[in-house]
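Novice: One structure coming up, written as C-alpha cells, with questions to follow.
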Amino acid sequence: MTDWIGRTFTSETGWTHLETLVDIGNRMAGSAGEREAAVATRDALAEHARNAHLDEFEIQGWDRGTSAIVAGGTEQGCIALPRSPSGSASGPLVDLDHGLPDDFAGRDLSGAVVLVDSTVPDHAERVVHRREKYYRAVEAGAAAFVFANHYPGGLAPTGSVGTADAPVGEIPAVGVSKEVGARLARRFAGETVTVDVEASLGDATSQNVHAELGPRTDEALLVTAHVDAHDISEGAMDNGAGTAMVVELARALAAREDELDTRVRFVVFGAEEVGLVGSAHDAAIRDLDRVRAVLNLDGVAAARTLECTTHGFDALGRVVREVADRFSHPITIDPELGPHSDHWNYVQHGVPGYVVASDTGDSGRGWGHTAADTLDKLEARTFREQAILLTALAVALADDGFTVAHAAPADIAAACEAQDLAAGMRVTGDWPY
C-alpha cells in the first residue's frame, strides 16, 4: 500500500495552490488579499475534505503608509514594522548591538533612538525575539526603535510589534537592511536621528479556514498553518508553503481516509503575523481536552530537512523518529519549547503540539520577513518530499495505537522558566500564566 507515495510525489495540488497564494500579492492580516487567500484555501480544501468554511473574527487593522529615517540630513532606507504607531521621534542614536537582555541592562535610554540587529548569537542562551527587543527599548524609555537585518544583502526586515492587550506599539518602529544598520552605527551613533512612520489604523476582519476528514470522533488531530503574510513580499516560505502543504495533506489523507482512526481537522489561521490572533481566537472557542495534538506547519520547504519542535512531549519525538527511520530520511527534532507560532496558543494550555519548519542550519529567518520571500527560493521537489513525510506523520498521529498525554499548564510554565523564556514573554505581554 505504497502507491500513495508516488501519487504524492507527482501531485501538483499543493504546489499549484502555493502559486495561487503568492500571485495574490498582499496577504497582510485584515486585507482583501488575506481574504482572497482564505477563500481560495477554503475552496481548495473543499475538493478533498468536508465542511470547508470560514470563521471570521475582528482584528486591529494596520495599513502601511510612508516611513523614513533621517540621519546627517540624509534619508536612509527603511520600512515600518507592522503595528508601529504613526509618529515622528528624534533623539541620539544608541547602537545596542544584538539587543540581548544584557545589552539593555541598567541602560537609561530616555529619548534615544535604539538600533539593534536581528542576530541571536551563538553565546545567547535562548532566542531573543524581535518583540522582546522592542519592548525592552520601550521599557528603557526609547523614543523610537530601529531593527536591522543581520544578513548581508538580506533587505530590510519586517515583523510586527504590539501585544494582545495593546495591539499597536508604543513607539515608532522601522526595519533596515544590514548595510543601512552598519552605516547608521558607524557614522551616526550618538548623533540625533529622526524616525518617521505614517500608518492607517482601524477595524478590520480576518478569518480562519476550516475543513475535516476521517471518522467523526470527539477527539481530533489539528493540522494547521497560517495563510497571512507580510505585505512587503509574496510570503512564499512564510507561510504560503505551510498553507499549501495543508491542502496537499488534505488531498493525500482523503485517499487514505479509511486508515484514519481519529478525526483530522484542518485549520488555516488568519492574522498570525500580528500576534497569533487567529489561533488565539480558535483556541478560545475549542474544547482543548478533545485535541489529540497539533501539527502546525510554519516554514516548511525552505530547506530539504524538516525540523520538528516537540515542546517536551516525548511521544511526539518518538513518532517523528519512526517516520524518519521508515523513509530513511533525516528529520531534525528539537525537544524544547518554541512559542512563536500558532501552535503555542494550544501548547501553553498543555495540548501536545509540534511546529514544523525547515532545518536551514541557521537560527535566523533567511529571506523570511523580507521582500525576498518569493517563490523562486523554494523547490517543488522539496515540497513533495516533505508532503510524503508529513502525510505519514499525520496518519501515525491519527492512529488508535498512538497516545500522547496532555501536560499540566503549570508544567509548561515551569518549562518556560527553566528554558529562560519566561522573562522575555513577560516583557512582550505574552506570559499567559
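Novice: Conditions: (1) buried (at least 17 other Cβ atoms within 10 Å of the Cβ); (2) not in a strand (DSSP E or B). Residue 186 meets all but one. Number of the miss?
Specialist: Condition not satisfied by residue 186: (1).
Novice: Kindly indicate whether residue 196 is farther than 30 Å from residue 380 by Cα, among the acidic types (Asp, Glu), surrounded by fewer than 24 Cβ atoms within 10 Å (Cβ to Cβ) and in contact with a Ser or Thr (Cβ under 8 Å, 6 or more places away or on another chain).
Specialist: Working: farther than 30 Å from residue 380 by Cα: yes; among the acidic types (Asp, Glu): yes; surrounded by fewer than 24 Cβ atoms within 10 Å (Cβ to Cβ): yes; in contact with a Ser or Thr (Cβ under 8 Å, 6 or more places away or on another chain): yes.
Yes.
Novice: Evaluate segment 28-50: report whether one residue or more is outside any helix (DSSP H, G or I), open to solvent by less than 60 Å² (accessible area, probe 1.4 Å), under 21 Å from residue 251 (Cα atoms) and touching an Asp or Glu at 6+ places or on another chain (Cβ under 7 Å).
Specialist: Looking only at segment 28-50, we keep the residues that are outside any helix (DSSP H, G or I), and these are 28-31, 47-50.
From what's left, open to solvent by less than 60 Å² (accessible area, probe 1.4 Å): 28-31, 48-50.
Applying the additional criterion that residues be under 21 Å from residue 251 (Cα atoms) yields 48-50.
Still in the list and also touching an Asp or Glu at 6+ places or on another chain (Cβ under 7 Å): 49-50.
Within segment 28-50 (the criterion being outside any helix (DSSP H, G or I), open to solvent by less than 60 Å² (accessible area, probe 1.4 Å), under 21 Å from residue 251 (Cα atoms) and touching an Asp or Glu at 6+ places or on another chain (Cβ under 7 Å)), the answer is yes, since at least one residue qualifies.
Novice: Looking at (1) out of contact with any Gly (no Cβ under 8 Å at 6 or more places or on another chain); (2) more than 21 Å from residue 223 (Cβ to Cβ); (3) in contact (Cβ under 8 Å) with a residue 40 or more places away in the chain; (4) in a strand (DSSP E or B), which is the one condition that is false for residue 53?
Specialist: (2)
Novice: Sticking with this structure for a sec: Among the numbered conditions (1) over 20 Å from residue 163 (Cβ atoms); (2) surrounded by fewer than 17 Cβ atoms within 10 Å (Cβ to Cβ), tell me where residue 141 comes up short.
Specialist: (1)
Novice: Looking at segment 254-281, I want the residues that are farther than 14 Å from residue 208 by Cβ and in contact (Cβ under 8 Å) with a residue 12 or more places away in the chain and have a partner that is open to solvent by less than 10 Å² (accessible area, probe 1.4 Å) and in a helix (DSSP H, G or I) with Cβ atoms under 7 Å, at least 6 apart or on another chain. Which pairs are those?
Specialist: Filtered contacts from segment 254-281: 260/253; 264/253; 264/394.
Novice: Among the residues of segment 375-413, what is the count of those that are outside any helix (DSSP H, G or I) and either among the polar types (S, T, N, Q) or open to solvent by 40 Å² or more (accessible area, probe 1.4 Å) (or both)? Steps first, answer last, please.
Specialist: First pass over segment 375-413, keeping only residues outside any helix (DSSP H, G or I): 378-379, 398-408.
Filter again for either among the polar types (S, T, N, Q) or open to solvent by 40 Å² or more (accessible area, probe 1.4 Å) (or both), leaving 379, 399-401, 403, 405-406, 408.
Looking only at that region, the number is 8.
Novice: Name the residues in segment 255-292 that are crowded, with 22+ Cβ neighbours inside 10 Å, within 29 Å of residue 366 (Cα to Cα) and either small (Gly, Ala, Ser) or touching a strand residue (DSSP E or B) at 6+ places or on another chain (Cβ under 6 Å) (or both), would you?
Specialist: Scanning segment 255-292 gives 266, 267, 268, 269, 270, 271, 272, 275, 277, 278, 279.
Novice: Does residue 164 satisfy the condition of being farther than 16 Å from residue 95 by Cβ, open to solvent by 30 Å² or more (accessible area, probe 1.4 Å) and either out of contact with any strand residue (DSSP E or B) (no Cβ under 7 Å at 6 or more places or on another chain) or in a strand (DSSP E or B) (or both)?
Specialist: Details: farther than 16 Å from residue 95 by Cβ: yes; open to solvent by 30 Å² or more (accessible area, probe 1.4 Å): yes; either out of contact with any strand residue (DSSP E or B) (no Cβ under 7 Å at 6 or more places or on another chain) or in a strand (DSSP E or B) (or both): yes.
Considered against the rule, which asks whether it is farther than 16 Å from residue 95 by Cβ, open to solvent by 30 Å² or more (accessible area, probe 1.4 Å) and either out of contact with any strand residue (DSSP E or B) (no Cβ under 7 Å at 6 or more places or on another chain) or in a strand (DSSP E or B) (or both), residue 164 comes out as yes.
The values are calculated or read from the model by the stated rules, or taken from the named source; none is laboratory data. For clarity, every value in this text was computed on a predicted model and none was experimentally measured. Note: ideal-geometry Cβ built from the backbone for every residue, glycine included; neighbour counts use all protein chains shown. Only protein heavy atoms, including side chains, enter the accessible area calculation; ligands, DNA and RNA are left aside. Shrake-Rupley method; radii C 1.70, N 1.55, O 1.52, S 1.80 Å.
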